[in-house]
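The values are calculated or read from the model by the stated rules, or taken from the named source; none is laboratory data. Please read these numbers as outputs of a predicted model, since none were measured by experiment. Heads up, the Cβs are rebuilt from the backbone with ideal geometry, glycines too, and the neighbour counts pull from every protein chain shown.
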Amino acid sequence: MKLTLRNLISIELLSSVIILIALSRPWVVATYEEAGFPSVSLSLSANQLNASLNGLAIAAIASALGAIATRGVFRRLVGAVIFWIGIGIVVATIDLTNNLDQFVGLQFEQAIGREVTDWAAQTTQYAWLVIPAGVLVALCGLALALKSFETGMSQRYERNLAKGSQLTQWQALDQGIDPTIESSSR
């Protein structure tokens with residue numbers, strides 16, 4: 001696949017949408033049971049466990065639109081922002097998976113009203129979808145920041161400037177010369 005602006009923005013936008021969808025799915029289903037109390041079950045998405053991931057995914061989608069709307073130095077700046085958003089998604093997802101017990105414990109503490117320790121949880125593998133998609137977002141941002149995408153007109157639409165007697169009447173008019181007046185310089 002060729003490294004074009006359209007391809008980079010498409011990959012970045014698709015990865016961002018995949019991240020946003022994966023963050024809204026249940027990542028953990030946890031249950032707490034205690035004698036004398038009803039059992040408490042929580043189905044938690046990544047958005048409920050770590051709200052910064054959702055914000056980063058939305059920022060990645062918005063920055064893809066920003067890359068379309070800008071040119072030159074500003075597009076490179078948007079590319080750098082996309083790169084750091086992708087890095088943030090990867091780091092926040094790894095932090096979430098490494099500290100999942102702590103995040104689920106906080107959710108149980110809010111649901112029950114006190115700290116609990118003996119709960120059982122089943123986790124899903126959505127993190128393994130979000131991490132590569134975040135890396136893709138970061139790589140697309142890096143490519144946008146480093147590569148120049150000149151979107152000028154094709155050469156066939158450019159004027160061919162000729163000198164003196166080589167000018168056609170239309171080329172003379174383009175240069176502000178009246179072709180109906182005979183000049184001594186010709």
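Kindly evaluate GLY79 against the criterion of being in a helix (DSSP H, G or I) and in contact with a Lys or Arg (Cβ under 9 Å, 6 or more places away or on another chain).
When the stated conditions are applied, GLY79 passes them.
Which condition from (1) of a type outside the set (D, E, K, R); (2) modelled with pLDDT of 80 or more; (3) loosely packed, with under 15 Cβ neighbours inside 10 Å; (4) not in a loop (DSSP other than H, G, I, E, B) is the one that GLY176 breaks?
(4)
What is the one condition in (1) modelled with pLDDT under 90; (2) within 14 Å of ALA138 (Cα to Cα) that PRO38 does not satisfy?
The one condition PRO38 does not meet is (2).
Working only within the stretch 35-57, note down all residues that are in a loop (DSSP other than H, G, I, E, B) and free of Cβ contacts under 8 Å to residues at least 24 places away in the same chain. Can you show your working first?
Taking the stretch 35-57 and keeping what is in a loop (DSSP other than H, G, I, E, B), we get 35-39, 50.
Residues satisfying the conditions are ALA35, GLY36, PHE37, PRO38, SER39.
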